[in-house]
Amino acid sequence: MRLCEILVSGGYVPQNPHKRVRIEEAVCMTLVMLCHNHRMRCLVERFQHSPEAICRNIHEVLWGICELGQHLICPRNQNEIHPKIYTDRRFANWFMNVVGAMDGTHVPAHPPSGEQMAYMNRHGQATQNVLAIYDFDMCFSYIYASREGSAHDARVLNGALTGLTHFPMPPTGKYYLVDSAYRNIPGFLAPYRGTPRQLAQGRWGFSSPRQLFNNQYSSLRNVIERCFGELKRRFSILRGPVPNFYMTTQINVVIACCTLHHFIRNKLPEDDIFNDHEQEMEVEEDASYVYAYLSQLIKFCTLIIWVCFNWCRLGEP
């Protein structure tokens, strides 16, 4: 109901007293389509309206939610250090100036005839390459859809930086965490290339400072992978197959889903899907602490054995 009030009071969805479909029902139609990926026939049977009325109201709500997203999706508190960083000893010494994580994800698309090849990704599927920036509260700071699935992540970023999308560059001295597909330039921090972030099987301790850095880096940047997973888990239309909409509507669907994710995160932080994420993070942190403790214990035991062995050798006649 809160979402309906915002859409009406802000003028995002046009209303008049002669409309047969109320705003609550129009929003419900849209959410059913986004969350369950229902087709028009199912919506007609469920809501008992004509296909034209349902299509028109869904498009109005999608457009209104996208307009709302222009006000909701923006950087927040980038001049402050996030509690997730300064309260965790794994990150406090490395990433005090991080303000978010950036990455791309592929969303299934239904491209128009004659443009299928441009949208084919490396797996042979038609997709959009969507660029997103998350903060560590699992909220969007920026979303850039509409790029073809064949476009490389670095090319998508270049289009966002040079286009009219108002890309939010971090403040001076701050940076986003990005993966190795992007350039390591001011404002963007990528991991060391050619250095594995995980330990080899059966090995304790890191072989180099670069490997330790990549491991801690991956643990912090993992928030965006989890957020993409939660976004697609909540809105099954992002998992495909995609209805035969115009590409502009498919782009609006992606932006609307991101806006709703952001809205739910702000208004209902105790949502079940978000709670599952918090529990996974706690398990991961506990496992990291146990791993570090066992690693130090094994090193200490190895040192004791070495000292005892040499002491016994010196005591021999």
Report yes if some residue within the range 6-13 is more than 25 Å from the chain's Cα centre (by Cα), buried (at least 18 other Cβ atoms within 10 Å of the Cβ) and assigned to a loop (DSSP other than H, G, I, E, B); otherwise report no.
yes
When every residue in the range 141-171 that is among the polar types (S, T, N, Q), at pLDDT 90 or above and farther than 13 Å from Y182 by Cβ is compared, the one surrounded by the fewest Cβ atoms within 10 Å (Cβ to Cβ) is S150
Within the range 99-140, the count of residues that are touching a residue at least 40 places away in the same chain (Cβ under 8 Å), of a type in the set (A, V, I, L, M) and surrounded by fewer than 21 Cβ atoms within 10 Å (Cβ to Cβ) comes to 1
Select from the range 36-90 the residues that are assigned to a helix (DSSP H, G or I) and of a type in the set (A, V, I, L, M) and list them in ascending order.
M40, L43, V44, A53, I54, I58, V61, L62, I65, L68, L72, I85
It is to be established whether one or more residues within the range 90-104 are modelled with pLDDT of 90 or more, in the same structural domain as R234 (by TED's automatic domain parsing), among the aromatic types (F, W, Y) and in contact with a helix residue (DSSP H, G or I) (Cβ under 9 Å, 6 or more places away or on another chain).
yes
Tally up the residues in the range 118-154 that are within 20 Å of C66 (Cβ to Cβ), assigned to a strand (DSSP E or B) and hydrophobic (A, V, I, L, M, F, W, C), please.
7
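The values are calculated or read from the model by the stated rules, or taken from the named source; none is laboratory data. Since this is a predicted model, take the numbers as computed values, not measurements. Backbone-built Cβ (ideal geometry, glycine too); neighbour counts: all protein chains shown.
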